[in-house]
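The values are calculated or read from the model by the stated rules, or taken from the named source; none is laboratory data. These numbers were taken from a predicted model, which means no experiment stands behind them. FYI the Cβ positions are ideal-geometry reconstructions off the backbone, even for glycines, and counts take in every protein chain you see. With ligands, DNA and RNA removed, areas are computed over all heavy atoms of the protein, side chains included. Shrake-Rupley method; radii C 1.70, N 1.55, O 1.52, S 1.80 Å.
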Amino acid sequence: MEQTFIAVKPDGVMRGLCGEIIKRFEAKGFRLVAAKFIQPTEDHMKKHYLDLAAMPFYAGLCTYMSSGPIMAMVWEGMNIVAQGRLLLGETDPSKSQPGSIRGDLCVNIGRNIIHGSDTAENAKNEVGLWFKPEEFVTYQLPAHAFINEPTSFLAFSAVSLPWMMFLRGDEDRSPAEMEQTFIAVKPDGVLRGLCGEIIRRFEAKGFKLVAAKFIQPTEDHMKKHYLDLAAMPFYAGLCKYMSSGPVMAMVWEGQNIVKMGRLMLGETDPSKSQPGSIRGDLCINIGRNIIHGSDTAENAKNEVGLWFKPEEFVTYQLPAHAFIYE
Ligand code: DAT
Ligand code: MG
């Protein structure tokens, strides 16, 4: 199994294309093993693009790449470096085939929305430049045997170490009327390849992603998270299940987002959820309802604080902001 470094560039993030892009990698059968939402420094980007240092566009490229948030990811799969490049399309979107990410979603070579390592050697270096070993999540995709021939067996292991991030501070918090909510794709959602679909829906709604990390939480952490359910018969099983695999933990921001986020989720029980809602469309069973969302403004605040440190937030303004809000 090979790994490659994939990043949704600031233009891709600002255009709300993270979900669409992640969806394509999930649908292909690749496995996400590390992800973080950060605004990289210019120095970091200079190291990343060092092989292009002689090019006239090098300085502008590094400035641009550090001008906003990036969804940085490591994906794993057979021959993924070369196949990932095929999913991306040509460097120049005007030469990319329809069906490829750049062929379908962008027009300009300087705004080509996604980065992907071009050789196995560069992939190794880039993965090492962006991620520390403790930032990786280990799990097995249930569809693994239907994506790869049996020879490529990968041992399942529940190893996951604390998450570390090195992000910019966030002095310029959002306007007072903007609310935040904690959303998490649960292990069942991740293993079923639904991160992209779920992120896509929040982006499409007009909400803004302000923090994200891909982690396997501890059982203790989940017990704190679900403390208000401690008296329920399903509490122990719920906490065990939530810590059994990777979770895409996120903070989304928007007007009245706690309430609207719950509407997007649907009812706790998928069998009572309307079609059109995430649970109504994508799951069946109450114990496998693929997504968590804070239920009150007060719980949202507590959950955001339980899962994220202030330095894990990214600050930016969505370009469509004025077309989403009056
Ligand atoms: P929600 O996730 O919609 O906020 P909740 O906070 O009441 O719902 O419960 C947390 C999770 O616990 C829920 O997503 C799935 C599980 N759960 C709730 N009620 C359950 C039940 N009756 N049987 C099994 N699991 C349940
Ligand atoms: Mg709840």
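Looking only at the stretch 237-258, residues that are within 19 Å of the chain's Cα centre (by Cα), within 15 Å of ligand 2 (Cβ to nearest atom) and hydroxyl-bearing (Ser, Thr, Tyr) come to 0 in all.
Mind listing just one residue for me: the one in the stretch 282-322 that is of a type in the set (Gly, Ala, Ser) and surrounded by fewer than 20 Cβ atoms within 10 Å (Cβ to Cβ) and, of those, nearest to ligand 1 (Cβ to nearest atom)?
Going residue by residue through the stretch 282-322, those that are of a type in the set (Gly, Ala, Ser) are 287, 293-294, 297, 300, 305, 320, 322.
Now restrict to residues that are surrounded by fewer than 20 Cβ atoms within 10 Å (Cβ to Cβ): 287, 297, 305, 320, 322.
On the way: Gly287: 4, Ala297: 14, Gly305: 18, Ala320: 29, Ala322: 32 Å.
Residue satisfying both the conditions and the ranking: Gly287.
Is it true that some residue in the stretch 23-45 is in contact (Cβ under 8 Å) with a residue 12 or more places away in the chain, in contact with a Gly (Cβ under 6 Å, 6 or more places away or on another chain), part of a helix (DSSP H, G or I) and surrounded by 18 or more Cβ atoms within 10 Å (Cβ to Cβ)? Within the stretch 23-45, one or more residues are in contact (Cβ under 8 Å) with a residue 12 or more places away in the chain, in contact with a Gly (Cβ under 6 Å, 6 or more places away or on another chain), part of a helix (DSSP H, G or I) and surrounded by 18 or more Cβ atoms within 10 Å (Cβ to Cβ).
With open to solvent by 30 Å² or more (accessible area, probe 1.4 Å), of a type in the set (Gly, Ala, Ser) and out of contact with any Ser or Thr (no Cβ under 9 Å at 6 or more places or on another chain) as the only criterion, which of Ala72, Ala143 stands out?
Details: Ala72 fails: open to solvent by 30 Å² or more (accessible area, probe 1.4 Å).
One residue alone meets the criteria, Ala143.
Just so you know, in the stretch 259-275 the residues that are outside any helix (DSSP H, G or I) and of a type in the set (S, T, N, Q) include one that is farthest from ligand 2 (Cβ to nearest atom), and it is Gln274.
Among the residues of the stretch 61-86, those that are aliphatic (A, V, I, L, M) and part of a strand (DSSP E or B) comprise Ile70, Met71, Ala72, Met73, Val74. Any chance the stretch 217-237 includes a residue that's touching a Leu at 6+ places or on another chain (Cβ under 8 Å), within 26 Å of Glu311 (Cβ to Cβ) and near ligand 1 (Cβ under 10 Å from one of its atoms)? Checked the stretch 217-237: at least one residue is touching a Leu at 6+ places or on another chain (Cβ under 8 Å), within 26 Å of Glu311 (Cβ to Cβ) and near ligand 1 (Cβ under 10 Å from one of its atoms).
Within the stretch 276-302, restricting attention to residues that are assigned to a strand (DSSP E or B) and within 11 Å of ligand 2 (Cβ to nearest atom), the residue that is nearest to Cys195 (Cα to Cα) is Ile291. Restricting Phe166, Phe234 to residues that are open to solvent by 80 Å² or more (accessible area, probe 1.4 Å), at pLDDT 95 or above and not small (Gly, Ala, Ser) narrows the list to Phe234. Taken over the stretch 1-22, the criterion of being closer than 20 Å to Asn79 by Cα and in a loop (DSSP other than H, G, I, E, B) is satisfied by Met1 alone.
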